[in-house]
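Student: Handing you a structure now.
Please treat every number below as a calculation from the coordinates, not as lab data. As the structure is a prediction and not an experimental result, all values here were calculated from the model. Positions of Cβ are backbone-derived with ideal geometry, glycine not excepted, and every protein chain shown enters the neighbour counts.
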Protein chains: 2
Amino acid sequence: MAEQTQFEELARQLSAVGVVKREVGRALPPDCPAGSAAVLTLLRRHGDMRMSKLAELLAVDMSVTSRHVAHVAAHGWIERHPDPADKRSRILCLTPEGLDELAELNRRTTRLLAERLADWTDDEVAQLIRLMTRLRTSFGDCRSSPVRLPTPASEENTRTPAST
Amino acid sequence: MAEQTQFEELARQLSAVGVVKREVGRALPPDCPAGSAAVLTLLRRHGDMRMSKLAELLAVDMSVTSRHVAHVAAHGWIERHPDPADKRSRILCLTPEGLDELAELNRRTTRLLAERLADWTDDEVAQLIRLMTRLRTSFGDCRSSPVRLPTPASEENTRTPAST
DNA sequence: TATTGTTATACTCTATAACTATA
DNA sequence: TATAGTTATAGAGTATAACAATA
């Protein structure tokens, strides 16, 4: 167990990391805010899914998820198919255009981070990733669990069907 | 230099850490949102200062700083004194009530983090703090530099005058 | 009756621009 | 003319509550 002073310091770090988030956000395309980017990223990582599952992965209320998804769908980056097993549900699927947008997102964020973290070693970045993942796990965020990564090579929309 | 895949993953971690920030935010007193908490914390850490200096430490626009400061001042947690050296400026000073509020903030955030991070070692927390600090440094955030910590024992408002 | 998803409303945080007062 | 700070406005993100459709 760590000391109290450490927890105060960690709270400050959490409060202050917003400046990095904002700068990464400013690097995104103008029509793709951070919420949309998160939707696209999670859909590629976890495959097709329902709204409720996406809300769980985003760790925000489903009403928030609904708005993000509506924005992403309006741009043609995803499609909402009816769920044959439950007519209340909608299955979210990335489109080829969504994959293109995702590639552009990754280009931009990767370029920015590579520039700013040019003097970081591979191991340091890995450690930061590991500790941030663990932090989210400790706060009960299901997104921190390992997931399958679909091969981004295929531009075809061959997502697996939603599991629930 | 780290690999591209790592940067994509780091971008995801930055996007996802919001869930932790939100939960810490929910632990704050209802009349003290995160922005106010940041103002109080920085004033204690760095001592009395002008608006422009606080905006730099917060790493947000001065208009944002002005609103946070107005909220904090309305609660009596700080006072805005005229700067004899420059009539345009205002020197921000923590009040005893502000120190009390700060103590309450620290109690709450510390309790939450101690609960959630109960299985973390002292060293792990220290490493996360170190890496997050370095991350902000790499993004040019001046707040990441080491600062003097005033003795929190005294409840008297004996801040040092602003340096600029 | 419970669950899935959407919409309306409100609040926080942020940035840009216009403005006042002073340097 | 430039700078310190405030205020108005707009936009993104979030949560709660009310709602519709379905289970």
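Student: Among the helices (runs of 4 or more DSSP H) contained in segment A:1-65, which hold 1 or more residues that are among the polar types (S, T, N, Q), more than 28 Å from residue B:124 (Cα to Cα) and near DNA strand C (Cβ under 10 Å from one of its atoms)?
Tutor: Numbers: elements: A:4-16, A:18-26, A:34-46, A:51-58.
Here the list reads A:51-58.
Student: Return yes or no: is residue B:56 more than 7 Å from every other protein chain (Cβ to nearest Cβ) and of a type in the set (Asp, Glu)?
Tutor: yes
Student: If you go through segment A:107-114 one residue at a time, do you hit one that is at the interface with chain B (Cβ under 8 Å from one of its Cβ atoms), without any contact (Cβ under 8 Å) to a residue 60 or more places away in the chain and among the hydrophobic types (A, V, I, L, M, F, W, C)? If you could, list the steps in order and put the result at the bottom.
Tutor: Step one: of segment A:107-114, the residues at the interface with chain B (Cβ under 8 Å from one of its Cβ atoms) are A:109-110, A:113-114.
Going one step further and asking which of them are without any contact (Cβ under 8 Å) to a residue 60 or more places away in the chain, we end up with A:110, A:114.
Those still in the list that are among the hydrophobic types (A, V, I, L, M, F, W, C) too: A:114.
Yes; the residues of segment A:107-114 include at least one that is at the interface with chain B (Cβ under 8 Å from one of its Cβ atoms), without any contact (Cβ under 8 Å) to a residue 60 or more places away in the chain and among the hydrophobic types (A, V, I, L, M, F, W, C).
Student: Hey, could you check segment B:29-38 for residues that are surrounded by 15 or more Cβ atoms within 10 Å (Cβ to Cβ) and over 17 Å from residue A:17 (Cβ atoms) and say which is nearest to DNA strand D (Cβ to nearest atom)?
Tutor: We begin by selecting, within segment B:29-38, every residue surrounded by 15 or more Cβ atoms within 10 Å (Cβ to Cβ); these are B:32, B:34-38.
Restricting the remaining residues to those that are over 17 Å from residue A:17 (Cβ atoms) gives B:32, B:36.
Details: B:32: 16, B:36: 14 Å.
Filtering first and then ranking leaves B:36.
Student: Looking only at segment B:89-112, count every residue that is over 20 Å from residue B:31 (Cβ atoms), more than 12 Å from DNA strand C (Cβ to nearest atom) and part of a loop (DSSP other than H, G, I, E, B) and tell me the total.
Tutor: Total meeting the criteria: 0.
Residues checked against (1) crowded, with 20+ Cβ neighbours inside 10 Å; (2) more than 23 Å from residue B:103 (Cα to Cα); (3) within 8 Å of DNA strand D (Cβ to nearest atom):
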residue	(1), (2), (3)
B:45	no, no, no
B:55	no, no, yes
B:61	no, yes, yes
B:68	yes, no, no
B:74	no, no, no
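Student: Kindly indicate which of B:119, B:86 is outside any helix (DSSP H, G or I), facing another protein chain (nearest Cβ under 8 Å) and surrounded by fewer than 16 Cβ atoms within 10 Å (Cβ to Cβ).
Tutor: Just one listed residue meets the conditions, B:119.
Student: Given the conditions (1) more than 12 Å from chain A (Cβ to nearest Cβ); (2) surrounded by fewer than 17 Cβ atoms within 10 Å (Cβ to Cβ); (3) among the polar types (S, T, N, Q), report the number of the one that residue B:5 does not fulfil.
Tutor: Failed condition: (1).
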